[in-house]
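Nothing in this text is a laboratory measurement; each read-out follows from the coordinates by a stated rule. Model, not experiment: these values are computed from the prediction. Every residue, glycine as well, gets a Cβ built from its backbone with ideal geometry; the counts of neighbours run over all protein chains shown.
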């Protein structure tokens, strides 16, 4: 985190000495989301989501850039479970619990482009996120031959509200004209802070992580 902050300060200071270009844009991504954990959970599966962001970027003549986004992002995981009968034996039937966490976040990124018309890029981001909704859904399943209906529960008041994570992105972009750039990135995001607490998955040490593929467009506006 200190490294990202240091790089950001350098790039901000370079505003006064380097040629620069400001971009506004939008992007969307698909995230394959899961959590790391210990103790409480036996296994988890990926919970995919679609996310969207408004982006601002300031690039410099030396190919460095910094940016800030306003993003709506869903994270989460899926917990499979096995049905157990009254005698404590498995019935061979299974079910799934889907955990979904919706955030408003603000990634602050620094990075570098290489190339002219076709641009390769690498960036690092520090992401501050505020939880707006948490939902737990038990999908329908069978037990002892009977169908149990799907159930959803609002858990917004239970997980920790703030999340801080880091992300690394690799991508490629195409300069359409002097003002427009389209691009695609692959990223890996990992939380530094816990989702769990004394009231939510006690001692599980839950931390989000996500593998994402994004596409976006940027327009030179200033």
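Does a label point 7 Å from the Cα of residue 205, set along Cα-to-beta-carbon, have any residues of the stretch 177-193 with amide nitrogen under 16 Å, and which are they? Inside the label zone: 191-193. Secondary-structure-derived ellipticity at 222 nm for the chain, considering helices only, amounts to -1500 deg cm²/dmol, per-run term -39500 (n - 2.57) for DSSP H runs with n ≥ 4. Each principal axis of the Cα cloud of the stretch 94-186 was evaluated for its coordinate range; sorted largest first, these ranges are 63, 29, 20 Å.
Modelled this way, with points 7 Å down the Cα-to-C-beta line, the labels at residue 32 and residue 70 are 3.2 nm from one another. Sorted fewest first by neighbouring Cβ atoms within 10 angstrom, 66, 118 come out as 118, 66. Gain on full extension, evaluated as 0.36 nm per residue between residue 20 and residue 94 minus their Cα-Cα distance, stands at 21.0 nm. If R0 is 22 Å, the Cβ-Cβ spacing of residue 161 and residue 108 corresponds to a FRET efficiency of close to 0.65. Of all the options 160, 178, 47, the one that moves most in a Gaussian network model of the chain with Cα springs shorter than 10 angstrom is 178. Taking P(r) over Cα pairs in 10 Å bins from 0, in percent as the quantity of interest, determine which of [x] 8, 29, 28, 18, 11, 5, 2, 0; [y] 8, 35, 35, 16, 5, 1; [z] 7, 32, 36, 18, 6, 1, 0 was computed from the displayed structure. Among [x] 8, 29, 28, 18, 11, 5, 2, 0; [y] 8, 35, 35, 16, 5, 1; [z] 7, 32, 36, 18, 6, 1, 0, the one calculated here is [x].
Taking Cα atoms only, the orientation of helix 2-13 departs from the longest principal axis of the chain by about 30 degrees.
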